[in-house]
Structures are given as C-alpha cells and as structure tokens.
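Report on the following structure.
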Amino acid sequence: QVQLVESGGGLVQPGGSLTLSCAASGRIFNIIAMGWYRQAPGKQRELVARITSGGPTNYADSVKGRFTISRDNAKNTVYLQMNSLERADTAVYYCNSTIQLQWGRRGADYWGQGTQVTVSS
C-alpha cells in the first residue's frame, strides 16, 4: 500500500550537520502531514518536527533554531535539516506521515523503518 523510505542517517561529530529525507510511495490520494519522531535508548518516542500540507510546522523545543523541516509535495518527500547537532540528539529517527488513500476517507498514520543518527566524537 504505502511505503515510507528514509535515508541520510549516520555518525556525525558534535556541532555537525545531517540531512534526513523520507519519501512516501504507493496508492496515495493526499498527504495531510509529514514529520519526524525519534527514540533514544530507554526513552519514549518523541516528536521532533512536523509539517502539514499547507506549510505550517511545529518543532520540539529541544530542536528549535537548530533543525528545519521542509517538504517537496511533488515528490511526496520530507526533509529534516539538522544543524549544531548535540550528543542528546542521538536516536533512531522515524518518518511519519498521515495519508488519505481515497477521497472522503480519514487519514491514517504510516511509519518508516527508522534511521540511526549518532552524534559522537
């Protein structure tokens, strides 16, 4: 049906930058919103950033001013530009999208497989 494929994770030094991307594919009628969550070892999954189809965004307080979320509607792709990375940003990052499969149906949440981001010297 719907697949979310993430890329761009890896190892980076503190203060460095990474860009994550996530592409949605399948029988998609409309993408309502796309976003990124993360889960560090021993912690709950938390929202990092989210962007709706109209453009409004929201960010976790811990990443405001450092991370930027953007979206290419034509490619059904969302990006997360991460700057000034800190050790506390180390986590598995998951792409999430709320997608309508048909006109008139409610949107459903879909998840990517996750990509590891490790901030370490």
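If the condition is being under 13 Å from THR90 (Cβ atoms), part of a loop (DSSP other than H, G, I, E, B) and open to solvent by 40 Å² or more (accessible area, probe 1.4 Å), then segment 14-54 contributes PRO14, PRO41, GLY42, LYS43.
So is LEU11 open to solvent by 60 Å² or more (accessible area, probe 1.4 Å), touching a residue at least 24 places away in the same chain (Cβ under 8 Å) and assigned to a strand (DSSP E or B) or not? Here the answer is yes, as LEU11 does meet what is asked. Within segment 95-118, the only residue that satisfies the criterion of being in a strand (DSSP E or B), loosely packed, with under 13 Cβ neighbours inside 10 Å and not polar (S, T, N, Q) is ASP109.
Any chance segment 71-81 includes a residue that's farther than 21 Å from ALA108 by Cα and not basic (Lys, Arg)? Looking for residues that are farther than 21 Å from ALA108 by Cα and not basic (Lys, Arg), one finds at least one in segment 71-81, hence yes.
The values are calculated or read from the model by the stated rules, or taken from the named source; none is laboratory data. These numbers were taken from a predicted model, which means no experiment stands behind them. In this analysis, Cβ positions are derived from the backbone assuming ideal geometry, glycine residues included, and neighbour counts consider all displayed protein chains. Side chains included, ligands, DNA and RNA excluded: accessible areas come from the protein's heavy atoms. Shrake-Rupley method; radii C 1.70, N 1.55, O 1.52, S 1.80 Å.
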